[in-house]
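Q: Once you've had a glance at the structure underneath, I'll fire off some questions.
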Amino acid sequence: MAELEGVFYKEIVEQALREFPNECCGVIAAEGGVPVKVFPATNIDASAATYRIDAKDQLRIEGEIEDRGWDTWGFYHSHTHSEAYPSETDRKHSKRVVAFYPDVRFLILSVERRDEPVLRSFFILDGEVTEEEMTVT
């Protein structure tokens, strides 16, 4: 089960609403399996349908995570016009990510209904999607 503090959830929602109608994206770092920081990143696609984390952001984020002795807990992005479930594009994209981060989770925040955002967590391996129970504390 994935647990995320309410303050981190709020950061992700605020980023998604700020960047709407484009998808937002970022990385969540953890210490001892517990999320400790949300790193917003630039979506270089600047698209409502796809995202790619800017390589400069990725290097900066991973450098800080490594320097602090943390782990990459998850990658997140928003869906602006669909449910919080991995699209075909998300499943294809996950193959590259899992090659470097085999145990990483993917969090998807749907802001299709901006007044009621929905956050869900998934593991995606070889295109197969497994949902993980998600709790915001």
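The values are calculated or read from the model by the stated rules, or taken from the named source; none is laboratory data. Being a predicted model, the structure only gives us computed values, none of them experimental. Note that each Cβ is placed from the backbone with ideal geometry, even for glycine, and that neighbours are counted across all protein chains shown. These accessible areas exclude ligands, DNA and RNA; they are computed on the full protein's heavy atoms, side chains included. Shrake-Rupley method; radii C 1.70, N 1.55, O 1.52, S 1.80 Å.
Q: Out of all the residues in the stretch 4-33, which are more than 18 Å from D67 (Cβ to Cβ), of a type in the set (A, V, I, L, M, F, W, C), outside any loop (DSSP other than H, G, I, E, B) and in contact (Cβ under 8 Å) with a residue 12 or more places away in the chain?
A: Those that are more than 18 Å from D67 (Cβ to Cβ), of a type in the set (A, V, I, L, M, F, W, C), outside any loop (DSSP other than H, G, I, E, B) and in contact (Cβ under 8 Å) with a residue 12 or more places away in the chain: L4, F8, I12, V13, A16, L17, C25.
Every residue, every condition in (1) assigned to a loop (DSSP other than H, G, I, E, B); (2) without any contact (Cβ under 8 Å) to a residue 40 or more places away in the chain; (3) crowded, with 17+ Cβ neighbours inside 10 Å; (4) within 12 Å of the chain's Cα centre (by Cα), yes or no:
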site	(1), (2), (3), (4)
K56	no, yes, no, no
L59	no, yes, no, no
I65	no, yes, yes, no
G69	yes, yes, no, no
T72	no, no, yes, yes
Y76	no, no, yes, yes
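Q: Looking at the stretch 1-45 only, could you name the residues that are over 21 Å from V136 (Cα atoms) and modelled with pLDDT under 95?
A: none
Q: Considering every residue within the stretch 39-50, establish whether at least one is in contact (Cβ under 8 Å) with a residue 40 or more places away in the chain, open to solvent by 20 Å² or more (accessible area, probe 1.4 Å), among the small types (G, A, S) and not in a helix (DSSP H, G or I).
A: Yes, because at least one residue in the stretch 39-50 is in contact (Cβ under 8 Å) with a residue 40 or more places away in the chain, open to solvent by 20 Å² or more (accessible area, probe 1.4 Å), among the small types (G, A, S) and not in a helix (DSSP H, G or I).
Q: May I pose another question? Can you name the residue in the stretch 100-130 that is in contact with a helix residue (DSSP H, G or I) (Cβ under 6 Å, 6 or more places away or on another chain) and part of a loop (DSSP other than H, G, I, E, B) and, of all such residues, is surrounded by the fewest Cβ atoms within 10 Å (Cβ to Cβ)?
A: Per the criteria, the residue is G127.
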